[in-house]
Amino acid sequence: MVDSASLLFNPRTYDPEHFDPETRRLLRATVDWFEARGKRRLIEDYRSRAWLGDFLDFAAREGLFATFLTPASAAGKDDQRWDTARIAALNEIFGFYGLDYWYAWQVTILGLGPVWQSDNTEARARAAELLAQGEVFAFGLSEKTHGADIYSTDMLLTPDGEGGFRASGSKYYIGNGNAAGLVSVFGRRTDVEGPDGYVFFAADSRHEAYRLVKNVVDSSKYVSEFRLADYPVAPADILHTGRAAFDAALNTVNVGKFNLCTASIGICEHAMYEAVTHASNRILYGRPVTAFPHVRRELTDAYVRLVGMKLFSDRAVDYFRSAGPDDRRYLLFNPMTKMKVTTEGEKVIDLMWDVIAAKGFEKDNYFAQAAVEIRGLPKLEGTVHVNLALILKFMRNHLLNPVEHPAVPTRLDAADDAFLFQQGPARGLGSVRFHDWRTAFDAYAEVPNVARFREQADALCTFVETAAPDEEQSRDLDLLLAVGQLFALVVHGQLILEQARLTGLDEELLDELFAVLVRDFSAHAVELHGKDSATEDQQTWALGAVRRPVVDAARSTRIWERVEALSGAYEMGQ
């Protein structure tokens with residue numbers, strides 16, 4: 001039997017031995033810093049909305065951000081590189097202790113994106129030096145009126161006659177805008193119409209023409225509104241112009257959105273230790289709460305969903321790191337991590353909250369903040385709906401038109417992921433081709449619920465071939481999103497199975513997990529059946545795709561025993 005705790009991050013036993021020595025040291029040092037700080041201080045800082053000065057001082061002393069976020073092309077030390085595997089590991093740790101810490105790191109990643117994609121060597125050197133000094137960064141894209149609609153930016157750059165510009169306008173929802181040593185700002189020239197007028201430039205939040213308005217949220221996260229008033233933009237500050245600026249914006253979001261999945265995992269892991277420990281020790285009507293069948297089912301479902309989140313995200317890292325001009329499969333798996341994994345995180349928290357009930361509100365527990373913060377991740381870097389619509393662009397090729405691709409191994413090597421800053425034009429999604437998704441399912445054809453889910457996945461292929469939305473329905477986003485949920489489940493299951501094979505995960509746990517996915521597919525099929533514009537053929541297909549999972553009471557009991565073993569496995573010190 002696999003030790004249930006070994007599948008989850010546990011600060012008591014954490015030793016990332018698969019990484020190089022310096023990465024191991026920094027990850028462990030980060031865990032130790034939080035553990036030494038203690039639960040009481042962690043929660044009090046969250047409740048009092050304290051700025052993260054102490055944490056950023058620690059990160060600066062250790063060179064944490066500089067080591068993890070300086071690509072090899074700009075590195076001043078041997079251990080500096082952009083390594084998605086270790087970035088994902090740090091995301092999980094930050095999520096485990098508090099999303100405020102993750103957020104300061106996340107928006108630093110976004111702020112660096114346009115810089116590391118730029119050919120401006122002076123700006124790149126300046127960014128590397130600021131990182132070495134422990135500075136944070138910000139990404140000035142969104143606006144109060146337009147949100148992330150970058151086509152409509154009102155940040156205006158007027159030529160100054162000397163090769164530079166004067167920038168005026170405001171930005172909204174800009175993390176770290178209060179303290180960033182460098183803010184990557186998106187705007188448009190006043191003298192050039194259309195996409196050729198876009199500009200990405202570097203601004204300094206300490207400049208007198210940079211005016212910090214306020215923190216727009218009630219949180220330690222400083223999500224700022226700022227205004228530039230005749231801000232001088234020198235040639236040395238210009239990162240991208242024209243269409244390249246537009247591409248840099250979208251490609252930066254591609255890099256940044258990946259981080260949401262592992263942050264969600266960390267939140268769920270910490271909350272799960274608290275929830276299972278509480279439920280196992282709570283006596284109700286003379287019996288432990290965990291003696292009730294519905295409680296066992298909810299906690300077991302939460303656990304296997306969390307395991308699925310981890311398996312999918314870990315495998316997606318491999319595709320992200322192995323990407324290149326001829327292999328852009330990451331462009332599907334990336335919005336999947338943002339959309340599917342984060343919404344799974346919400347389900348995990350909800351299942352546990354139904355069990356612990358009022359305990360989930362108590363101010364002395366981590367769970368209370370987890371229940372709030374888990375809601376934010378599906379809504380950052382594009383909504384769930386935006387990302388569902390995006391993955392639909394890949395559906396036909398993924399399901400019906402596989403091609404040969406070299407096998408992608410587990411990527412935990414100490415390599416620099418240089419392609420992420422050389423992604424090129426942000427278009428051509430419909431031409432991306434994938435390997436055969438059926439291979440992953442074939443390897444587990446004897447697992448009852450994998451086989452049952454495979455029936456549903458095959459049925460979706462039939463739907464695409466015979467009952468796909470027509471031209472008129474393709475304008476009905478409500479209907480398309482229901483189809484997107486079905487497709488997302490197939491992709492989710494595929495990468496879970498690939499990672500299970502690579503890690504030797506036992507089939508009993510997979511069987512329990514896929515029982516949940518069978519139920520999910522059936523629920524989304526019923527939702528599609530009820531859509532206003534669903535045709536008769538689509539309605540018939542939807543009901544025909546409903547399946548009952550293969551029930552095995554003995555299997556479910558054994559998986560529950562693994563969940564129960566989490567009681568007392570970790571509790572943060574005071």
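Descriptive notes on the structure:
- Wholly within the stretch 344-431, helices (runs of 4 or more DSSP H) carrying at least 3 residues that are farther than 30 Å from LEU479 by Cβ: 367-373
- The stretch 344-367 - residue that is open to solvent by 30 Å² or more (accessible area, probe 1.4 Å) and of a type outside the set (Asp, Glu) and, of those, nearest to HIS385 (Cα to Cα): LYS347
- Within the stretch 140-239, strands (runs of 3 or more DSSP E) holding 2 or more residues that are small (Gly, Ala, Ser) and touching a helix residue (DSSP H, G or I) at 6+ places or on another chain (Cβ under 8 Å): 198-203
- Any hit, the stretch 126-145, residues being open to solvent by 50 Å² or more (accessible area, probe 1.4 Å) and more than 30 Å from PHE68 (Cβ to Cβ): yes
- First in the stretch 145-165 and under 15 Å from ASP230 (Cα atoms) and touching a residue at least 12 places away in the same chain (Cβ under 8 Å), second anywhere and open to solvent by 70 Å² or more (accessible area, probe 1.4 Å) and among the polar types (S, T, N, Q), Cβ under 9 Å, 6 or more apart: ASP154/THR145
- All conditions in (1) closer than 21 Å to GLU373 by Cα; (2) out of contact with any Phe, Trp or Tyr (no Cβ under 8 Å at 6 or more places or on another chain); (3) open to solvent by less than 10 Å² (accessible area, probe 1.4 Å) hold for ALA263, with the sole exception of (2).
- Residues satisfying the stated conditions in the stretch 321-343, i.e. open to solvent by 10 Å² or more (accessible area, probe 1.4 Å), under 16 Å from THR84 (Cβ atoms) and assigned to a helix (DSSP H, G or I): ARG321, LEU331
- Residues that are open to solvent by 10 Å² or more (accessible area, probe 1.4 Å) and either assigned to a helix (DSSP H, G or I) or of a type in the set (D, E, K, R) (or both), drawn from the stretch 67-83: THR67, ALA72, SER73, ALA74, LYS77, ASP78, ASP79, ARG81
- The residues of the stretch 527-562 that are of a type outside the set (A, V, I, L, M, F, W, C), part of a loop (DSSP other than H, G, I, E, B), out of contact with any Lys or Arg (no Cβ under 7 Å at 6 or more places or on another chain) and touching a residue at least 24 places away in the same chain (Cβ under 8 Å), listed by number, are LYS531, ASP532, SER533, THR535, ARG548, ASP552.
- Scanning the stretch 67-101 for residues that are over 21 Å from TYR222 (Cα atoms), in contact (Cβ under 8 Å) with a residue 60 or more places away in the chain and within 21 Å of the chain's Cα centre (by Cα) gives THR70, PRO71, ARG81, TRP82, ASP83, THR84, ALA85, ARG86, ILE87, ALA88, ALA89.
The values are calculated or read from the model by the stated rules, or taken from the named source; none is laboratory data. Nothing here was measured: the structure is a model prediction, and the numbers come from that model. Reconstructed Cβ throughout: ideal geometry from the backbone, glycine too, with neighbour counts over all protein chains shown. For the accessible areas, the whole protein counts, side chains as well, though only heavy atoms, and no ligand, DNA or RNA atoms are used. Shrake-Rupley method; radii C 1.70, N 1.55, O 1.52, S 1.80 Å.
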